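The block underneath contains the structure these notes are about, expressed in structure tokens.
The values are calculated or read from the model by the stated rules, or taken from the named source; none is laboratory data. What you see is a predicted model; the values in this text were computed from it and never measured. Ideal geometry is used to build each Cβ from the backbone, glycine not excepted, and the neighbour counts take in all protein chains shown. Heavy atoms of the whole protein, side chains included, go into the accessibility calculation; ligands, DNA and RNA do not. Shrake-Rupley method; radii C 1.70, N 1.55, O 1.52, S 1.80 Å.
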Amino acid sequence: MVTTTPTAPVLTLPAAHGGCPFDPPPAYDRAARQGSVTPAELADGTSCWLVTGYQEVRTVLSDPRFSADARHPAFPFLTPGRRALATANPSFIRLDDPEHARLRRMVTKDFLVHRIDAMRPGIQRIVDEAVDRMTARGTSADLVADFALPVPSLVICLLLGVPYEDHEMFQARSRTLLDNRTTPAEAGEAQHALTGYLTDLAAHRRRHPADDMLSRLAARTDLSLAETAATGLLLLVAGHETTANMTALSTLALLRRPAQADRLRADPGLVRGAVEELLRYLTIVQSGLPRVTTEDVELGGTPIGAGEGVIALLSTANRDEELFGAGAELDVTRDARRHLAFGFGVHQCLGQPLARAELQIALETLLRRLPGLRVTVPEDELVFRGDSVVYGLDALPVAW
Ligand code: HEM
């Protein structure tokens, strides 16, 4: 008698969350156990490859045969909303070199470590003022709305030269752009509104320059107004949503593990390392980085043809047991510096020195100034953002 082994159904991306809210979706873990490169499909039925292994993810992100250009006809879009945005005025995160390098070079100086270090006193002031506002109002707050979101929003507004009073408009539209449930029409509307806003602002700064990034970009003769707006949009969106969600999730993760929070309180020198470990453990860009092959390649022993979509999963790579030991645990004393939470290769996060400074200052200050900080709702009432490019929390009710 012939028996057939049932083949596992192909995984549809992005996978749903489930189980521990700090862990990657369970389906990603299962895929990682099958192999470092597994077949998968996108929500629209297109086949692609899911890459889960640490070395293979690094190869995808650093080998130029894997393109980040979303105008490629076979580019793998994780949602229909993002497909709608692909060709309209792309920013450098979705371009390859040399176009990518030309545009990225125009803003790299602003994010150099020594430039960001010079901003630390200003960031500390913004963080302290947020804590002052919370404590002046009483003994409870929503840590997302009152702290985690305003702090990086204020910082990126200062750096870019975007008026903070417009924060409700740009925060809401950024969330729409990052939400996996956004329809193509909603995505188009959000991008159109933000692009229009930044184009007007850049045109204004061209006539009335100030000491900020948008003014410097608008003054350049080798950059169009459309390119300035696309770069401004990328920095504005990436500059606040990511750090906001990392701050809220990191706080929750530490409050759940009082012994680890106590270690940080006792030795603030551990905060730098703890931030790397939290970046690794939480890997908030959980749904993976999309690329398309420009020629035939072999990845982890799997042949992949030219013009195939590849999704590089940072979350499983960051739990590689050989590199990080018990990677599913949070250990603020672990050496996590080789994590891939900021990506790898030419597109590696430009804002990482800023994100690190903000997270280090925010977490150290919260632990020091609010030693009695605690979550005030049961765990099952917390709403996690499982349907977003950037994983996080909608709200975090706390008291102190
Ligand atoms: C915890 C916070 C953050 C995380 C986890 C994060 C994560 C990432 C990741 C994974 C990428 C790579 C995308 C890819 O290869 O397709 C990236 C790129 C980028 N990030 Fe961040 N990011 C954070 C904060 C920031 C901040 C604060 C800024 C800016 C102010 C920023 C600006 C950018 C830019 C401009 C790129 C595109 C770089 C390029 O294409 O050359 N990010 N980020």
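Values for this structure:
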quantity	calculated
Stretch gain in nm, segment Asp200-Glu298, where the contour uses 0.36 nm per residue and the Cα spacing is subtracted	30.7 nm
Helix-derived mean residue ellipticity, 222 nm - over the chain, DSSP H n ≥ 4, -39500 (n - 2.57), to 500	-15000 deg cm²/dmol
Protection proxy ranking, peptides 83-89, 340-346, average beta carbon neighbours within 10 Å, highest first	340-346, 83-89
Spin-label pair Arg256/Val10, simplified geometry with 7 Å Cα→Cβ offset, distance in nm	3.3 nm
For the chain: relative contact order, % (alpha-carbon pairs under 8 angstrom, 6 or more apart)	25 percent
Peptides ranked, highest mean first, by Cβ atoms within 10 Å: ranges 261-269, 73-81, 372-380	73-81, 261-269, 372-380
For segment 15-26, 3J(HN,Hα) per residue [Karplus equation, 6.51 cos²θ - 1.76 cosθ + 1.60, θ = phi - 60°, Hz, x = Gly/Pro]	7, 7, 6, x, x, 5, x, 8, 8, x, x, x
Projected label distance in nm at Arg133 and Ala74, using a 7 Å step from Cα toward the beta-carbon	4.9 nm
Distance in nm between pseudo-label sites at Asp267 and Asp335 (7 Å out along the Cβ direction from Cα)	1.5 nm
Segment 11-399 - percent of accessible surface contributed by carbon and sulfur, probe 1.4 Å	53 percent
Two-site FRET efficiency, Ser224 against Asp166, from Cβ-Cβ distance with R₀ of 22 Å, rounded to 0.05	0.45
Amide H within-cut-off set for Thr12, under 5 Å, with H built and near neighbours excluded	Glu41
Extended-chain gain in nm, criterion 0.36 nm per residue less alpha-carbon gap, Thr87 and Arg65	5.9 nm
Accessible solvent surface per residue of segment 307-400, calculated while the other protein chains remain in place, 1.4 angstrom probe, Å²	39 Å²
Cα gyration tensor category, rounded, prolate or oblate, for segment 171-246 with a/c compared to 1.5	prolate
By average C-beta atoms within 10 angstrom, highest first, the peptides 27-36, 109-118, 142-151	142-151, 27-36, 109-118
Contour minus Cα-Cα distance for Glu381 and Val346 (0.36 nm per residue)	8.6 nm
Gyration tensor (alpha-carbon) shape descriptor, segment 257-296, a/c threshold 1.5	prolate
Tensor-based shape of the chain (alpha-carbon gyration tensor, a/c under 1.5 rounded, otherwise prolate or oblate)	oblate
